[in-house]
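Written below as structure tokens is the structure these notes are about.
Every read-out reported here was derived from the displayed coordinates using simple, explicitly stated rules and does not represent laboratory data. Since this is a predicted model, take the numbers as computed values, not measurements. Heads up, the Cβs are rebuilt from the backbone with ideal geometry, glycines too, and the neighbour counts pull from every protein chain shown.
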Amino acid sequence: MKYLDEFRNPELARRLFAELHAITTRPWAIMEVCGGQTHSIIRNGIDQLLPPQIELIHGPGCPVCVTPLELIDKALAIAARPEVIFCSFGDMLRVPGSGRDLFRVKSEGGDVRIVYSPLDAVRLAQANPTREVVFFGIGFETTAPANAMAVYQAKQLGLRNFSMLVSHVLVPPAIAAIMESPDNRVQAFLAAGHVCSVMGTWAYEPLVARYRVPIVVTGFEPLDVLEGIRRTVVQLEHGEARLDNAYARAVRPEGNVTAQRMLADVFEVTDRGWRGIGVIPQSGWRLSASYRDFDAEVRFAVQDIHTQESTLCHSGEVLRGLLKPNQCPAFGRECTPRTPLGATMVSSEGACAAYYQYGRFVQLEESDVTRI
Amino acid sequence: MCLGIPGQVKEIYELNGVRMGKVDFAGITKEVCLAYVPEIGVGDYTIVHVGFAITQLDEASAQESLRLFEEMGVLQEELADEVS
Ligand code: SF4
């Protein structure tokens, strides 16, 4: 595939690694915000081939992982209702709520369906006028335009039986929260490329200025990730803090203006709880006033939800970069992808799942790391 | 689930008043919503996420990145060769 294979070329990767080894003189802690990048880093063993001074801290950028427990429990309550067809992206089905997950609800008779696109849920609502179709609208800025279009279409079509359970989260406020936290160790960020494809890069300028922290917009293929790290290290080594775009083939500074216009119509900014982290002010979107009729939380008035997080799970520390997944005592023992205790073990972009899938059961000693 | 996959636009049409199209992902063709990439044409490359094209891939930038990587590390290798 054009523009996929080229950015996985091992010979070019070797050169980028060599360059990184040549320019790194001091220890640096860099956070990749996006779970897709975490997955790429662990799958390709990038963290093990980097100069030993560079530590990659895995960030909170997996929407499945940070969707608050309370919202999962609301989803479970709505999905269990007999009149409801509950539609979700596949990753959400195994996310543990307080007692069970969506798979359990399905096996107990709930009509839970996996859809590829939110527009599939709109079509289901058209085809099933006597049922209530609810879509679980989670995601970062990347997914928001798709979810916004689904609600917009439902309104255009006058569908009364479609609604969305919205839990959208935003990257810039999360970066601010990480920089503000007293135990922060992050010195630079790889920003999530596809989030910036939608939103552009302008929202990161104030963060670079306020925290004097380099932010480099980075793609997902191995060469993209390496180039993002290289540009970050160049800045750190020179004591600079700039916003840089290492993913120009997919990211324009202004972003996707057409999508942003739709987002401004359908959503409005709100405070959001992040699973494992807590409430971050102004860090998410909910449906705007003109689309409130399509809000599943309002339509189904799911109240009296009492949440109970597993006491064994350390995903909050993992999501804040304070703990590597294999440092969690439950990792690979009580907690596996088949029996996940926390959301970070469920989604393929969750740090715990990535570590499990690629066999990172022990922390490598420095001497074990393959040198190039 | 945030994955965006590059593909090539093969066909563009309207469905219920929305701009849609067929996008080829290395041999697999899928229906994709093109409403957010009004400037895109048949033959162009795009990144698709949950059934939506979110951005057009800029071929010139892609080539430029690859050229930069080609040049990378060459100097160190030459130096290393001289030493060994
Ligand atoms: S390994 Fe499991 S229990 Fe431990 S932090 Fe990750 S998800 Fe939670």
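Which one, A:PHE17, A:HIS58, A:GLY200, is farthest towards the positive end of the dipole of chain A when Lys and Arg carry +1 and Asp and Glu -1 on their Cβ? The Cα lying farthest towards the positive end belongs to A:GLY200.
Fewest neighbouring Cβ atoms within 10 Å first, the residues A:HIS238, A:HIS314, A:HIS58, A:HIS168 line up as A:HIS238, A:HIS314, A:HIS168, A:HIS58. Principal semi-axes of the equivalent ellipsoid, √(5λ) from the alpha carbon gyration tensor of the range A:221-358, are 30, 29, 14 Å from largest down.
Legend: ranking of residues A:SER283, B:SER61, A:SER167 from fewest to most surrounding C-beta atoms inside 10 Å; resulting order B:SER61, A:SER283, A:SER167.
Here's the picture: a label point sits 7 Å out from the Cα of B:VAL18 along the beta-carbon direction, and within the range A:66-99 nothing has its amide nitrogen under 15 Å of it.
If you sort the three axes of the alpha carbon gyration tensor as a ≥ b ≥ c, you get a/c under 1.5 for the range A:315-360, which makes it rounded. Across peptide B:58-68, the mean count of Cβ atoms from other chains lying within 10 Å of each residue's own Cβ comes to 5.
From helices alone, chain A scores -10500 deg cm²/dmol at 222 nm; the rule is -39500 (n - 2.57) for each run of n ≥ 4 DSSP H residues, then divide by the residue total. Bridges between two residues of chain A, per DSSP, are antiparallel at a rate of about 20%. Assuming charge only on the beta carbon of Lys and Arg (+1) and of Asp and Glu (-1), the dipole of the protein assembly as shown about its Cα centre is about 1340 debye to the nearest 20. Working from Cα pairs under 8 Å separated by at least six residues, relative contact order for the range A:315-360 is 31 percent. Computed over the range A:177-234, relative contact order equals 37 percent, with contacts defined as Cα pairs under 8 Å that lie 6+ residues apart.
So, with +1 on the Cβ of K and R and -1 on the Cβ of D and E, and no other charges, what is the size of the charge dipole of the range B:5-83 about its Cα centre, to the nearest 20 debye? Before the final figure, lay out the partial values.
Numbers: 5 positive and 15 negative charges, 163 e Å.
Once rounded to the nearest 20, the dipole reads 780 debye.
The relative contact order of chain A, computed from alpha carbon pairs under 8 Å that lie at least 6 residues apart in sequence, is 23 percent. This ranking places A:HIS194, A:HIS21 by how few other beta-carbon atoms lie within 10 Å of each, fewest first, which gives A:HIS21, A:HIS194. So which of A:LYS155/B:LYS30; A:LYS106/B:LYS22; A:LYS74/B:LYS30; A:LYS106/B:LYS10 end up more than 28 Å apart by C-alpha? Violating the 28 Å limit, Cα to Cα: A:LYS106/B:LYS22; A:LYS74/B:LYS30; A:LYS106/B:LYS10. Take each residue in A:27-37, count the other chain C-beta atoms within 10 Å of its C-beta, and the mean is 1. Comparing mean-square fluctuations of A:ASP183, A:ASP224, A:ASP111 from a GNM of chain A with C-alpha springs under 10 Å, the top value falls on A:ASP183. Mean per-residue shielding of peptide A:149-158 is 2, counting Cβ atoms of other chains within 10 Å of each Cβ.
Partnerless cysteines in chain A, where a partner means another cysteine C-beta under 4.7 angstrom, comprise A:CYS34, A:CYS87, A:CYS196, A:CYS313, A:CYS328, A:CYS335, A:CYS352. Taking N as the residue count of the protein assembly as shown, its C-alpha radius of gyration divided by 2.2 N^0.38 Å amounts to 0.97.
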